[in-house]
Structures are given as structure tokens and as C-alpha cells.
Amino acid sequence: MGIDVEILLSALVSGLLLGLVLALVALGLTIIFGVMDIVNFAHGEFLMVGMYAGLLTAQGLGIDPLLTLPVAGVVGFLLGVVCYFGFIKFLLRGPMVAQLLGTFGLMLFLRYLALLIFGSEDRALHHGLLVGKSFDIGMGVIVSATKLAAAGLSVAAFVAVWLLMNRTRIGMALTATALNRSAARYMGISTERMNALAWGIGGASVTIAGALIVNFWSVNPFIGLLFTMIAFAIVALGGFGSVPGAFFASLVVGLIMEIPGFWDFFMFTFNADWMGKVPMTSFKYMWVYVAYFVIMVVRPRGLFGWKH
Amino acid sequence: MKSMMRVGMVVFCVLAVIGLIAPGPASAADAVKIGVIYPLTGGAAAEGRELRAGAELAAEIINAVYDNISMDMAKSQGIKSLGSAKIELVFKDHEGNPTLGADLAKKLILDDKVVGIMGCYHSAVTKTVSAVCEQYGIPMINDSSTSPDLTKRGFKWFWRTTPHDTTFTKDLFDFLKGLTEGKAKGVKAVPKAQIQNLASACEKTEWGSNVSALIESFAKEYGFTVKKSILYAAKSTDLSSEVGSLKAVKPDAMLFASYASDAILMLKTLKAQKAQPKVLWGQDAGFEAPEFKDTLRDDIVGVLTRTVFLPKVASVKKVAGEVDGFYQKKVGHSLSGASARAFTGVQAWAAVLEKAGSIKPLDIQKAANAIKIPADQLIVPWQGIQFATSGEDIGQNILGSGMIGQYQKDKDGKISLEIAYPFDLATANLIFPFPGY
């Protein structure tokens, strides 16, 4: 088999894996938006908090980073609920723009609080059950163990959230609130509690993602922005508020980020040396925003959007 | 209320007492202030700490007498020609940010009234800071930035002690050429076809992008093929597509210019993707940072890095051994390329001030252009320090030279850098090919 097929397969696999990891990041954002129509700019900062929670727990207690996921989940749930009752609740009284600026402020607050506490240095985990491990699945495709675990967990989390939303009373209550807040309240569903729950679940899912991601990416207080941007692109692509939409859009975005790999495939296939000179890796995030822009123009509610 | 007042009084008294016993700045009036701008926080904070420790050690040796160090500047207190004035280093943190660096330089010049400036490690920051110095007519000695362009601007207030990347990159290609000629210690001549194809990944600011261009041009000159050259952001959190792209061209040698956190991430990603180059070389910086070795451990055995100082130099050079011992006692580990160059930068400052015998910028400028520090005074293995006053590379030290080190594991399992190039100084058999992952 030629090297070009190896490159194609590697790019496909690594794009899909990355997509699944990103799906976990985007899940919380889409839940919060779905239930409350609030765009949480601080989403990436929640992820950062999760990363620090995972990293510090693992280093502090000397346990494997994978065991810190529940800790990160609890931290995220509490963070979400506290943010809701302490801050977001009051924003809801104001106009949309106040909500936007409010979560923007929350983003800055969390970011600089982290800077104050942790300093601006990059920190990374270097030891752990899965850290740095990878295996060859044949045909030149090498899969990193941490990404595979993250991808697996991501699928599980999506299934769990989907079941929660569609098969349980509390999930139906959440969905009802999402669809029609007043009607749900007349049926005896407390909007307040549902909102808090959405923030709790959203927060927990993203901090768990963070604790998993810190197994292969380093963390610093400014890391949130990159993920917020990508999560926004994913959620917009999939349709704001749509859980399956976020899932599929993540896969698309993961593949888009592997465009340099596909480019290399074409370079070998066509034996075009000039293609090797194009700095494709420098633009790997650009295509994500190009896709975001195109979807905004062509289909503003996203691929699977059901809210307007 | 009364008790509150009492507590307040007690606190006040304690503070007053602390204020009285704590030593004030020792005769601050006649100290010569040098502003030192380094990345003390941010992605390169680890190197920043090294640089600062190296600079502080040099100041300490200048300001007091140390009989056990055979350097002229250790024989007297302070700068003799300035009435034994002490050197005071005023440190500032540029966080790797060129704009911030320029602001700090202005502050140092206008508020702190420094006599001169040193720094800044990141070439991109040195570029803006030196422009400020040029504008105000304040001398700047650059100890640790290696972008060749910095000395190609014809500046009158800028001198650089470290050799730059043209020298270092040429060393790399001389090394590769030597490898094909059987000059490397313990390795038979490698057929050129086996190391023909190169791929490079460099961080994309001033420094890395210049290194990338140099690799391209030297490869042409020496008859190697650069199959891929990538520029990436040093602040990247993920380099898997970059590594994938490098691996795709199946290079024989992978060449990098990386700062600390990205160098670690790069190596981790190379390992995760089981990269198999025969040569893995880094352009100093991150590849030499202590945390690079501490975090990656066995994974870097066989990795090459260019450098200007290896602990092994201490065994060849007496004065290097003496200073290294002193440094180890203070900091807990050996000097690195960063700390050794910061040390040498402050040493150059002291020598220039000694020669100038004045703190007027014009006198300092004259002295810097005329100075010659002999090799036996330096801890780095150079022929000395003398700045070019004409030609293309104005202000550049023309007596500097580079080395290439290789991480190897000794019998006790300790990983350290062995000298691999220049071949005649080699301290161990070269590990070739790179063991891979």
C-alpha cells in the first residue's frame, strides 16, 4: 500500500478522533443554549477550570489523571450552579445584550482569576496510565490512547445526555422548558431549577472534557478562548441547542482541522511538490471559521437547528 | 475599638522594625543600573528563570571578590574605573510580548534611568526593545537572541555577544556533512542518500521563521533536500497535524526551532505518532531548557541540540568549571546555554563599563566598539568577545562559535548533554541513527 493511502487514513482517523473530543467540549454549550437561549462566552473558561481541576487533583493526590474525572465533574456542576444562582439569574432580567456582555464578563473574570492563582505558565501532565501511550492499528495509522479514551467517553456522554433529555422525566422537563418556558411553568416545572440544572450539566460535561483533554494538551489561563471559538463554530454548524447536531458538526470540524493531512494526501497522489510548499498547517483553524461563516450565510439555523 | 488600635500599633511597630533591620539598597547612589528584560512568565518562563539566575550570578561575581574564580572581574569589587561602583540589575518581564518589551524599555530608560539595557531572549522582543534604545541613544547588549537580522540593521547602540543562527545552522550542516564523511565519533561514514531528506518545523515569530529560511538556504548550499518546512505557533496546544504533516514526507532528519512548552509538546506528539527520523535536531532554546530534560527523560536520548554551553565544557575549560560549580551551589543544577549566555552578557557589560570609565552613552558606545575580551575570561567556548564595527553584521561578536550536543544516558541512568560537534571536542560516541519511539 502506498504512503498516500496511509496519510489519508491517518488524517481521517485523527480528524474523527479530534472531532469526538471537540464534541464533548461543545456539548455543554449547546445544552445551556438549548434550555435558556443564553450564549455562554465563558464556556472555554469552564473547560480551563476542568483542566486545572484534573491536573491539580492528579498531581496533588498522586493519582492517575483518569481518576480525576469525577472530581472535575463535581467542580463543573457546582461551578455551573453557582454561576447560575450567583450571576446568570440576574442577567435574565436584562435584554439579550446584557446577557451576552454578562457571560463575556464572566469569561474575563474566570480567566484572570486563573492567572492570579496559577500564573501564566503552561502546565502539562507527563505521567499517567494513558499519557503519551499510543498504538499502531495497522496501515500506518497510529492512535493516541488518550484521544481514543476521550473519544469513547465523548460518545458515552452524548448517549447519556440524549437519554437524559429524551427518556427521563427531568429531561423532558428540561426539554419542555427549552421549548416553551411559560407553558412549562404552568405545568408546574420550575424554570429556575431547570435553568440551574442546565448550567450544572453543561458545566459538568465541559469540565470532564477538560480533565480528559489535559491528558494530552497543556493548560494555561488563556486556553479557553481557542476552545470557545471552536465550540461556537461547532454549535453554530450543528444548530444552536441541538445535541445530535453538535455531535455531527464536531466530526465535521475535526475533519476540517485535518485539512493539512488531506492536502498532503493530494500532494503525494498528484506528486505535486509545490503543494508541499503551501503552509497548510498554519491555516488549520481558518477553515473552521470559513465553514462557520458559510453556514451563517447559507443556513443560519445550522444543519440540525430547531430554534430560531 | 481600642483593641483594634492596639493591634494596629503592634503591626505598625513590627513593620517599622522590619524596615530598620532589613538592609537597604547598598549605596544605591553609586550603583550602575542595567535594565534586564527577560520572559519571566509565560511559555518561556523556564528559560527566563535560567537567564535571570545566570545574569544575577555574574553581577554577584562582579560586585564582590571571589578568589576561587580565575576571572579578572572576580578580583575586584564592582567596576574599578567607576570608583568600584556596583552593578545593579533591574529585571523586567516581557512575557514574550514585543509591544510590552518596548514599553518596559521606555520605562527603564525614562523612569529607572538605567545606563544600558540587556535582553531579551526572544528575537522578536529584542527587535522592538533595541529600536527603543536606538531612538533614545541608550546602549543595549543582547546576550541571547539569535535572529541574524538583529545585527543587520546598522544600529549604533546595539551589540550582540551570542553567535547568531547563521553560525548555528551552518554548524548543523557541517555536522550532517561530517556525518557522511565519517567524522562523527564512533559512527562510520553514512551514505548521503540516507540523510538526504530533511523536514523542519519552526515556531513562527522572528526567530523561528528566520531559522526556517536559513535551513532552506543552507540545505541548498550543502546539497540536501528540504521536503517540508512548517511554521507553527509556539502557543499551540496541539501539534498533531503538524507532526502528521512532517511524518508524511518520511524525512531522514527532523529539524526544529522551538521554545520550551512547544518543544515538549512537539516531542510528546512525535512519540505518540511514533516518528522515526534518523536525526532529530533542535535549535537550542526549548531543546535545552531544564524542564525539557526533566519532563521527557528517556524520550530524548539521541536528540541533538545546538548550544553554546554544555556542562561538559566545564571539564575542558577551568573557568567554566569554577563558575558552573558556583552556579550549581546556588541554583541546584548546571549552567545551560541560556544561563551561560546571560552570564556572559553581564560580563560584557562590566567589561564595557570598565573600559568606558564613565556612564555617558557616548563613552559607552566608544568602549563597546573597541573592547576585546580574551577567551580565557569566558565560560563559553568562544575565541573571545569583539564586536564588528563595519560590514554587514554591525555590533555582532565576531569571535563566537556554536556547538551541537546530544542527550545521552550514562551508566547511572542520568541524562546529560555530550558534545557531538565540533567533532574534535566530542565527549562521547554519537548515537546514530536516532533510536526512535
Exercise for the section: List the aspartates and glutamates whose Cα lies under 18 Å from the Cα of B:Lys366, skipping any in the same chain that are fewer than 8 positions away. Expected result: B:Glu134, B:Glu354, B:Asp393
Problem - Residue mean of other protein chain beta carbons inside 10 Å, B:264-272 - result: 4
Practice task
Mind listing the long-range amide H neighbours of B:Gly282? Cut-off is under 5 Å, sequence gap 5 or more, other chains count too, H placed in the peptide plane at 1.01 Å from N.
Solution key: B:Phe256, B:Leu304, B:Thr305, B:Arg306
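Which order do the peptides B:54-66, B:250-262 take when ranked by the mean count of other beta-carbon atoms within 10 Å per residue, highest first?
Values: B:54-66: 20.7, B:250-262: 26.2.
Top of the packing list down: B:250-262, B:54-66.
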Problem - Value of [θ]222 nm, deg cm²/dmol, for chain B, DSSP H segments ≥ 4, -39500 (n - 2.57) each, nearest 500 - result: -13000 deg cm²/dmol
Problem - Simple Cβ-charge dipole of segment A:3-298, Lys/Arg +1 and Asp/Glu -1, about Cα centre, in debye nearest 20 - result: 1060
Exercise for the section: At 20 °C and 1.002 mPa s, grab the translational diffusion coefficient of segment A:167-308 from Stokes-Einstein with a Kirkwood Rh over Cα pairs, rounded to a whole number in µm² per second. Expected result: 120
Problem - Shape call, segment B:25-115: gyration tensor on alpha carbons, a/c limit 1.5 - result: oblate
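Place a +1 charge on the Cβ of each Lys and Arg in the protein assembly as shown and a -1 charge on the Cβ of each Asp and Glu, then give the dipole magnitude about the Cα centre in debye, rounded to the nearest 20.
Details: 66 positive and 57 negative charges, 273 e Å.
Magnitude of the dipole: close to 1320 debye.
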Problem - Mean Cβ neighbour count within 10 Å, used as a protection proxy, ranking A:57-67, B:191-201, A:159-169, A:102-112 highest first - result: B:191-201, A:102-112, A:57-67, A:159-169
Exercise for the section: Would you work out the charge dipole size for segment A:88-245 about its Cα centre, treating the Cβ of every Lys and Arg as +1 and the Cβ of every Asp and Glu as -1, and quote it to the nearest 20 debye? Expected result: 580
Practice task
Using only Cα atoms, find the angle between the long axis of helix A:191-213 and the longest principal axis of chain A, and express it within 0 to 90 degrees, rounded to the nearest 10.
Solution key: 20
Fill in the blank from the handout: The helix B:123-136 Cα axis meets the longest alpha-carbon principal axis of chain B at an angle in degrees, between 0 and 90 and rounded to 10, of 40
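Using the Kirkwood radius built from alpha carbon pairs, what does the Stokes-Einstein equation give as D for segment B:99-217 at 37 °C and 0.692 mPa s, in µm² per second?
On the way: Rh = 16.2 Å.
Taking Rh from Cα pairs, D becomes 202 µm²/s.
Checking the a/c ratio against 1.5 first, then a/b against b/c, what shape does the Cα gyration tensor give for segment A:181-236?
Values: a/c = 3.86, a/b = 2.40, b/c = 1.61.
The shape class here is prolate.
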Problem - Pairs beyond 23 Å (Cα-Cα), from B:Lys183/B:Lys247; B:Lys185/B:Lys228; A:Lys277/B:Lys220 - result: B:Lys183/B:Lys247; B:Lys185/B:Lys228
Completion exercise
With the dipole of the protein assembly as shown defined by +1 on each Lys or Arg Cβ and -1 on each Asp or Glu Cβ, the option from A:Ala157, B:Ile215, B:Tyr407 whose Cα lies farthest towards the positive pole is A:Ala157
Handout entry: Per residue, the convex hull volume that the Cα atoms of chain A enclose (Å³)
Key = 141
Exercise for the section: Would you list, by chain and number, the lysines whose Cα falls below 29 Å from the Cα of A:Lys89, excluding same-chain residues fewer than 8 positions away? Expected result: A:Lys307
Problem - Lys/Arg +1, Asp/Glu -1 at C-beta; chain A dipole; positive extreme among A:Gly241, A:Leu27, A:Val252 - result: A:Gly241
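In peptide B:241-252, how many Cβ atoms from other protein chains are near each Cβ within 10 Å, on average? Each step should come with its number before you reach the end.
On the way: counts 13, 5, 2, 10, 12, 2, 7, 15, 6, 2, 0, 0.
Across B:241-252, the average partner-chain Cβ count within 10 Å equals 6.
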Exercise for the section: Restricting to the protein assembly as shown, compute how many DSSP beta bridges are antiparallel as a %, nearest 5. Expected result: 35
Fill in the blank from the handout: Over chain A, the sum of -39500 (n - 2.57) across DSSP H runs of at least four, divided by residue number and rounded to 500 deg cm²/dmol, gives at 222 nm -23000 deg cm²/dmol
Practice task
Take every Cα-Cα distance within chain B, group them into 20 Å bins from 0 onward, and report for each bin the whole-number percent of pairs it holds.
Solution key: 26, 54, 18, 3, 0
Completion exercise
Long-range amide H partners of B:Ala85, meaning residues 5 or more apart or on another chain whose placed amide H is closer than 5 Å, are B:Ile79
Practice task
Please express the Cα-Cα pair-distance distribution P(r) of the protein assembly as shown as a list of whole percents, one per 20 Å bin, running from 0 to the bin with the greatest distance.
Solution key: 16, 42, 31, 10, 0
Problem - Highest-first arrangement of A:183-189, B:353-359, where packing means the average Cβ count within 10 Å - result: B:353-359, A:183-189
Handout entry: Principal-axis tilt of helix A:259-269 within chain A, Cα atoms, nearest 10 degrees
Key = 20
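Please give the average number of partner chain Cβ atoms lying within 10 Å of the Cβ of each residue in A:164-170, rounded to a whole number. Don't jump to the answer; show the numbers that get you there.
Working: counts 0, 0, 0, 0, 0, 0, 0.
That works out to 0 on average.
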Completion exercise
If unit charges are put on Cβ atoms (+1 for Lys and Arg, -1 for Asp and Glu) and the dipole of segment A:3-298 is taken about its Cα centre, the option from A:Gly105, A:Ile189, A:Gly119 lying farthest towards the positive end turns out to be A:Ile189
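No value in this document is a laboratory result; all are computed from the given coordinates. Treat the numbers as computed from the prediction; the structure is a model and nothing was measured. Glycine also receives a Cβ, built like all others from the backbone with ideal geometry; neighbour counts cover every protein chain displayed.
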